[in-house]
Structures are given as structure tokens and as C-alpha cells.
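Read-outs: derived from the displayed coordinates by stated rules, not from any lab. Because the structure is a prediction, the values reported are computed rather than measured.
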Amino acid sequence: MNVHVLTRHESRGRATGESLPRLLDCKHLREELGITRAAAEAIMRQLPVIEPPGLRKVYVRRGDVAHFLEDNLRVK
């Protein structure tokens, strides 16, 4: 899986009209990867989470998930 993640320096130079980094909550992570809720929650516990002020929901960055999977998945 080839994934390009913007560094902080690159992301600062983006134009305002460009889309923000995609954030995933547990439900969307589960749906995209086709895994159980427990597995999605276990992955999220290993990653930095984003907690928007005033919201109870937590999110992870799509790029963080991609890096986690690249570094931790083993094919048998």
C-alpha cells in the first residue's frame, strides 16, 4: 500500500480551498477495513486521537491508520 502523508510543513502550504485531512471515527474505521468494533477500537488505542472541543467522539487521522497498518500487518 503506497500512501503519501503530508508533513506539517507541507500541510501548512495548502490553499484554503483544499480539503482537510480525513478523520475516521470507530464506525468508519470498522466499515472501511471490514473489521469488528473491538478490532477498530484496539487500533484506535494505538494511535494519537483527535478530540474536538465540545464533542464526545474521538477520531484518528487516515494517514496514521495507513502507517499503522503498513508497520504492523503481517501476511501469512
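With the contact rule set at Cα under 8 Å and sequence spacing of 6 or more, what percent relative contact order holds for the range 24-72?
35
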- Item | Normalised per residue, the volume of the convex hull around the Cα set of the range 24-72 (Å³) | 70
